[in-house]
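Peer 1: Structure provided below as structure tokens; questions to follow.
The values are calculated or read from the model by the stated rules, or taken from the named source; none is laboratory data. Predicted, not measured: the structure shown is a model, and the values here were computed from it. Cβ atoms come from the backbone with ideal geometry, glycine included; neighbour counts cover every protein chain shown. With ligands, DNA and RNA removed, areas are computed over all heavy atoms of the protein, side chains included. Shrake-Rupley method; radii C 1.70, N 1.55, O 1.52, S 1.80 Å.
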Amino acid sequence: MENKKPLSPHIQVYKWHISSLVSISHRITGIINIIGITLICLWASLLLLGENSYEAVNLLLNSQIGKFITLGLTWSFCFQILSEIRHLIMDLGYGFELKTTKITGLLVIIGSIFLTIILYLIGKNLF
């Protein structure tokens, strides 16, 4: 016998929601943050190898690609923090209503962009 029923939830039937986007993005940014923290630790450990190796990394970070990576990691950390706060509130038993999940999902996305811009402006004025 051939079973022709679609898997549940099937990709052709399933509609994306803001909670789905935030959930998948939360997992992706978690992986990015682990890689980012590892690279930051390696960068800091280059201090032990001397000034030349440390300066090479500084040249990379001051390039356009380095600034893009720094800005991306900043957004990733901000998104992860706000998403973790959202999960903590949900772990306490609040925010499971459909309207609330949409609002908090949008707050995580918009808030992470807003925090990234604020941190960029603070960093630009300090350095």
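Peer 1: Ignoring any ligand, DNA or RNA, what whole percent of the accessible area of the chain comes from carbon and sulfur when the probe is 1.4 angstrom?
Peer 2: Of all accessible area on the chain, carbon and sulfur atoms account for 72 percent.
Peer 1: Using a probe radius of 1.4 Å on heavy atoms only, what accessible surface per residue do you get for the chain? Whole Å² is fine.
Peer 2: 80 Å²
Peer 1: Can you give me the angle between helix 64-91 and the longest principal axis of the chain, using Cα atoms only, in degrees from 0 to 90, rounded to the nearest 10?
Peer 2: Helix 64-91 and the main axis of the chain meet at about 40 degrees.
Peer 1: Something else: Rounding to the nearest 10 and keeping the result within 0 to 90°, find how far the Cα-based axis of helix 18-45 lies from the longest principal axis of the chain.
Peer 2: Once rounded, the angle reads 20 degrees.
Peer 1: Among [x] 32, 18, 12; [y] 20, 17, 15; [z] 38, 20, 13, which one is semi-axes √(5λ) of the Cα gyration tensor in Å computed from these coordinates?
Peer 2: [z]
Peer 1: Further question on the same structure: Report the FRET efficiency, 1/(1 + (r/R0)^6), for PHE96 and ASN3, where r is their Cβ-Cβ distance and R0 is 30 Å, rounded to 0.05.
Peer 2: 0.35
Peer 1: What is the chain's relative contact order, in percent, from Cα pairs under 8 angstrom and six or more apart in sequence?
Peer 2: Numbers: 62 pairs, mean separation 40.8, N = 127.
In percent, rounded to a whole number, it is 32.
Peer 1: Assuming a strict under-27 Å limit between Cα atoms, what lysine pair count do you get for the chain once near-sequence pairs (fewer than 8 apart, same chain) are dropped?
Peer 2: Qualifying lysine pairs in the chain: 5.
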